[in-house]
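Student: Following this message is one structure expressed as C-alpha cells.
Laboratory data are not the source of any read-out in this text; all were calculated from the coordinates shown. These numbers come from a predicted model, not from an experiment. Note that we place each Cβ from the backbone using ideal geometry, even for glycine, and neighbour counts take in every protein chain shown.
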Amino acid sequence: MIYFSREKQISALEKVAIKTTEWVGSIESIVIHSLLFIAIFALQLVGVGFEEILLLLTTAVSLEAIYLAIFIQMTVNRTTQSLANVEQDVDEIQKDVDEIQQDVDEIQQDVDEIEKDVDEIEKDVGEIEKDVDEITQGDEGETVEKKIDDVEKTLRMLIVQIENLKQNTCITEKQE
C-alpha cells in the first residue's frame, strides 16, 4: 500500500515539475518575474533598506536558480528516456525492414526458378510441335502410331514438370 501511495505522490510531483518547467519557459513567466523584481526594488519606497532588498533579492534568485536547475535536469532525463525509446523503436523497425528484404530476396529466387521452369516447358512445347509437324508430314522411317506414342510420352513428361512446378509454388507460398 505504501508503495502505491508513494508512486502516486511521485507522479503528482513530476506533473507539478513538468507544468512548472513549461510555465517558466513562457511569456507569462517573463512578465511576472519582471513585476516581482520591480516590486522588490519598490520596497525601498516603504522604508526597507537597500542592503535588505539586495539580500532578499539575492536569496530569492538563488533559490529559484536551484529549483530551475532541478527542473531542467528532470526535463533532460525525460528527454533522454524518450530518445532511448525512439532508438529502440528504430532498431525494431530496422529488423523488420531486414526481414522484409530477406523475404523479397527469397521471392526473387522463386521467380527465377519459375522462369527456368517456364523456359524448359517452352522448349518441350517446341519439341512437341516438331513431333506434330513430323507426324503430319508422315516420316517414312516411322509409323504414325510410334510418333503418337512419342508425343504422348513428351506430354506426360510435360504434365509431370507442371505438377512439380505447382508443388514447388505451393511450398514456397506456405513458407511465406
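Student: Report the FRET efficiency, 1/(1 + (r/R0)^6), for residue 102 and residue 78, where r is their Cβ-Cβ distance and R0 is 22 Å, rounded to 0.05. Present the calculation step by step, with values, prior to reporting the outcome.
Tutor: Working: r = 37 Å, r/R0 = 1.68.
According to the calculation, E is roughly 0.05.
Student: With viscosity set to 1.002 mPa s at 20 °C, what whole-number translational diffusion coefficient in µm²/s follows for region 2-175 from Stokes-Einstein and a Kirkwood radius over Cα pairs? All intermediate terms of the calculation are to be shown ahead of the outcome.
Tutor: Numbers: Rh = 25.7 Å.
Taking Rh from Cα pairs, D becomes 84 µm²/s.
Student: Now for a different question. Within 15 Å, Cβ to Cβ, of residue 35, how many net charges do the neighbouring residues add up to if Lys/Arg are +1 and Asp/Glu are -1? Numbers along the way, then the final one.
Tutor: Working: positive: none; negative: 28, 64.
Taking every other residue near residue 35 into account, the sum is -2.
Student: Moving to a separate point now. Would you work out which of 33, 58, 83 lies farthest towards the positive end of the dipole of region 1-131? Charges go on Cβ: Lys and Arg +1, Asp and Glu -1.
Tutor: Farthest along the dipole direction, towards plus: 58.
Student: Let me ask something else about it. A 24 angstrom limit on the alpha carbon distance is what I want to check against. Which of 123/166; 95/116; 146/166; 116/146; 116/153; 95/166 exceed it? Present the calculation step by step, with values, prior to reporting the outcome.
Tutor: Numbers: 123/166 18 Å; 95/116 32 Å; 146/166 30 Å; 116/146 30 Å; 116/153 21 Å; 95/166 32 Å.
Flagged as over cut-off: 95/116; 146/166; 116/146; 95/166.
Student: Dipole of region 2-175, Cα-centred, from +1 at each Lys and Arg C-beta and -1 at each Asp and Glu C-beta, to the nearest 20 debye? If you can, show how the numbers build up before the last one.
Tutor: Values: 15 positive and 40 negative charges, 600 e Å.
Taking the Cα centre of region 2-175 as origin, the dipole is about 2880 debye.
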